[in-house]
Amino acid sequence: MSDALVAAATAARLKAFAPYSNFLVGAALVADDGTVVTGCNVESASYGLTICAERVALVKGVSDGHTRFRCVAVVADTADLTPPCGACRQLLWEFAPDATVILANLRGDRRTFTVRELLPHGFDAKLLRPNGSIS
Ligand code: THU
């Protein structure tokens with residue numbers, strides 16, 4: 001499964017819209033029901049509006065009704081594997097707290113983390129209500 005997920009993220013990377021940084025990133029998520037959702041980074045001329053590949057994949061998945069993910073692959077063409085930025089770690093924590101994160105590059109290097117390792121002590125909806133309910 002991880003080979004297929006890395007392949008899906010590698011293919012998604014080629015769709016990146018990154019004319020400002022020329023840094024292409026692809027992401028692929030596996031939802032709880034096995035559905036694979038991909039994303040690439042999408043940059044804006046107003047640079048701060050840029051969205052990372054991981055968050056594009058997450059919002060695509062959530063908008064299709066998937067709110068829990070168990071695995072994510074992130075692919076970039078870097079010798080040092082590219083980890084999710086802080087904003088992406090937050091969203092991963094909210095929708096994929098138990099997920100495995102596979103970082104990969106185009107040379108076949110890989111390293112695996114958990115979302116919990118990448119974002120210890122994360123903030124989430126449980127903390128918004130004293131009794132732990134989100135309804
Ligand atoms: N980027 C991602 O898409 N994911 C990451 O994990 C790191 C950074 C994008 C954002 C921006 O388009 C470009 O890479 C350079 O920061």
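The values are calculated or read from the model by the stated rules, or taken from the named source; none is laboratory data. Here the structure is a predicted model, which means the values were calculated and not measured. Backbone-built Cβ (ideal geometry, glycine too); neighbour counts: all protein chains shown. The area values use the complete protein model at the heavy-atom level, side chains included, leaving out ligands, DNA and RNA. Shrake-Rupley method; radii C 1.70, N 1.55, O 1.52, S 1.80 Å.
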Checklist line | Residues (under 20 Å from GLY108 (Cβ atoms) and either surrounded by fewer than 22 Cβ atoms within 10 Å (Cβ to Cβ) or among the basic types (Lys, Arg) (or both)) located in the range 17-35 | finding: PHE23, LEU24
Note to self: Against the definition (charged (D, E, K, R) and either within 13 Å of the ligand (Cβ to nearest atom) or more than 19 Å from SER2 (Cβ to Cβ) (or both)), how does ASP32 come out, yes or no?
What the structure shows: no
Checklist line | Unmet requirement for THR82, which otherwise passes all of (1) over 17 Å from VAL6 (Cα atoms); (2) within 15 Å of the ligand (Cβ to nearest atom) | finding: (1)
Notebook entry, point to check: Is there any pair with a first residue in the range 8-20 that is over 12 Å from ALA57 (Cβ atoms) and a second that is within 12 Å of the ligand (Cβ to nearest atom) and among the hydroxyl-bearing types (Ser, Thr, Tyr) whose Cβ atoms are under 7 Å apart and which are 6 or more apart or on different chains, and what are they?
Noted result: TYR20/TYR47
Next item on the list: Give just the number: which of (1) surrounded by fewer than 16 Cβ atoms within 10 Å (Cβ to Cβ); (2) of a type in the set (Phe, Trp, Tyr); (3) assigned to a helix (DSSP H, G or I) does TRP93 not satisfy?
Entry: (1)
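Sort through ALA87, ALA104 and tell me the only one that's farther than 18 Å from ALA8 by Cα and among the small types (Gly, Ala, Ser).
Only one candidate qualifies: ALA87.
Output the residues belonging to the range 36-54 that are open to solvent by 40 Å² or more (accessible area, probe 1.4 Å), more than 10 Å from the ligand (Cβ to nearest atom) and not in a loop (DSSP other than H, G, I, E, B). Talk me through it step by step, then tell me what you get.
First, pick out the residues of the range 36-54 that are open to solvent by 40 Å² or more (accessible area, probe 1.4 Å): 36, 38, 42, 45-51.
This time we only want the ones that are more than 10 Å from the ligand (Cβ to nearest atom), so: 36, 38, 45-46, 48-49.
Passing the criteria: VAL36, THR38, GLY48, LEU49.
Every residue, every condition in (1) open to solvent by less than 40 Å² (accessible area, probe 1.4 Å); (2) outside any helix (DSSP H, G or I); (3) over 20 Å from VAL36 (Cβ atoms), yes or no:
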| site | (1), (2), (3) |
| --- | --- |
| VAL56 | yes, no, no |
| GLY61 | yes, no, no |
| THR67 | no, yes, no |
| CYS88 | yes, no, no |
| ASP98 | no, yes, no |
| ARG116 | no, no, yes |
